[in-house]
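The values are calculated or read from the model by the stated rules, or taken from the named source; none is laboratory data. Just so we're clear, the structure is a prediction, and the values are computed from it rather than from any experiment. Note: ideal-geometry Cβ built from the backbone for every residue, glycine included; neighbour counts use all protein chains shown. Accessible surface is based on the protein model in full, side chains and every heavy atom, while ligands, DNA and RNA are left aside. Shrake-Rupley method; radii C 1.70, N 1.55, O 1.52, S 1.80 Å.
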Amino acid sequence: MVSISKNNQKQQLLSKIATNDGHGENSPYFDGWKAYANNPFHLTDNPNGVIQMGLAENQLCFDLIQEWVVNNPKASICTVEGAENFQDIAIFQDYHGLPEFRQAVARFMEKVRGDRVTFDPNRIVMSGGATGAHEMLAFCLADPGDAFLVPTPYYPGFDRDLRWRTGVQLFPVVCESCNDFKVTKKALEEAYEKAQQSNIKIKGLLINNPSNPLGTLLDKDTLRDIVTFINSRNIHLVCDEIYAATVFDQPRFISVSEMVEEMIECNKDLIHIVYSLSKDLGFPGFRVGIVYSYNDTVVNIARKMSSFGLVSTQTQHMLASMLSDEIFVEKFIAESSERLGKRQGMFTKGLAQVGISTLKSNAGLFFWMDLRRLLKEATFDGELELWRIIINEVKLNVSPGCSFHCSEPGWFRVCFANMDDETMRIALRRIRNFVLQTKGLNNIAAIKKQCSRSKLQISLSFRRLDDFNSPAHSPMNSPLVRT
């Protein structure tokens, strides 16, 4: 009691924002990361450790990045070739960002979207990663207590990014597996009306395209419905497009920017895009986040707020050079897409061989795995029980659907691009062995249950049970269970 009292006294000396649980680090999503941190897998040093499959990171093309860095030493001010620019880059720069950086980012965004749209470099606002970009937009668009609609399942970090320090709420748009979790007009309207009935002021709709955690894309009709919906309700649309270059199969990615140019009746002041180089290029450590707004006022006030989370000029300088190399950019986008598709195909086909299905997807650094039939009970408690077994016994950090606010228990997000080929094979082997073992035990339980309910004659039952339990026919001797 004394220690609790002292802890309360310490917290009373601090702010409520700093000491509340708004960060969300106590969720299963972050608990999985902690399990990995406490026992990280290593091919030689710790082969029985936890494999990190909860981190959406693109590590499949670093050989291309390293090759470019070696061949372009002048891009860095920390090399002999680039040192002559050190002073110009190191001294104070305003928060608009280096002009060449904004120009290069705008051009890269166009390339990623197939050169079907154009972006104005003067609308590029920097931030400290997509996390900072989302929070900055929340501060610009909403007041404490206001809410954004968000289709489920959605990235757990949104709870932290948009809610923690802003006081903004997230209101779920419930999507279901019966239609592959698609966002429908009906679901949008129902969520909006429900919020109105609860006296919650909706200021906008947040969408993630491509979707994290689903790895799916919004088609043109759905995007048109979404833009029509936000216009009819006069609310903002925030489009998180940070996985735009991770598409590895048809259909192609359609940006909301295409819809803005196509739908003349659209109020452009309501449209805002969040982008980043963390996923498409694999640079989360560089903390490059972008807000691109079609609203002049939002651009101006966001630029003022960006002074709290700027991208270092050293990083801007190097990336401006890299992204301006169009030969490299085209090669990287094509090769990354091919490698992502190959890796995702190996994983999902390997799971299918043991009867584990995944939601059909063609983008992202992850897939949505369906383990509903492995649940002891079809509840979120049952999901967490299965997840703990996977974390603690199978030693894989996959993320449970409940941490993504999924409406149905039994779904898990599996990241596949943050490991080398050998680690991938070991992870797949662990999953397959676990599923085969679980299926074998379930089969034994089902057989025993069926025998206990048998209405056959007693003598016949005894004879069959004797046969069943004989060494030659015992289920414990089946190859499946031995595996």
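Assorted remarks:
- Test set (1) assigned to a loop (DSSP other than H, G, I, E, B); (2) open to solvent by 20 Å² or more (accessible area, probe 1.4 Å); (3) within 22 Å of Ala352 (Cβ to Cβ); (4) of a type outside the set (D, E, K, R) - Ser407 fails condition number: (3)
- Given (1) farther than 19 Å from Asn20 by Cα; (2) open to solvent by less than 10 Å² (accessible area, probe 1.4 Å); (3) over 18 Å from the mean Cα position of the chain (by Cα), index of the condition Val168 fails: (1)
- The residue of the stretch 177-203 that is nearest to Leu162 (Cα to Cα), among those that are touching an Asp or Glu at 6+ places or on another chain (Cβ under 7 Å) and open to solvent by 70 Å² or more (accessible area, probe 1.4 Å), is Lys201.
- Of all residues assigned to the stretch 148-159, none qualifies as being more than 28 Å from Trp33 (Cβ to Cβ), open to solvent by less than 10 Å² (accessible area, probe 1.4 Å), assigned to a loop (DSSP other than H, G, I, E, B) and touching a strand residue (DSSP E or B) at 6+ places or on another chain (Cβ under 7 Å).
- Flag for Val329 being assigned to a helix (DSSP H, G or I) and in contact (Cβ under 8 Å) with a residue 40 or more places away in the chain: yes
- Residue among Ala90, Ala83, Ala75, Ala35 that is modelled with pLDDT of 90 or more and either open to solvent by 60 Å² or more (accessible area, probe 1.4 Å) or not aromatic (Phe, Trp, Tyr) (or both): Ala35
- Among the residues here, Gly355 does not qualify as in contact with a Ser or Thr (Cβ under 9 Å, 6 or more places away or on another chain), on the phi > 0 side of the Ramachandran plot and assigned to a loop (DSSP other than H, G, I, E, B).
- Taking residues in the stretch 390-403 that are touching a residue at least 24 places away in the same chain (Cβ under 8 Å), and partners anywhere that are polar (S, T, N, Q), the pairs with Cβ atoms closer than 6 Å and at least 6 places apart or on different chains are Asn397/Gln52; Ser403/Ser27.
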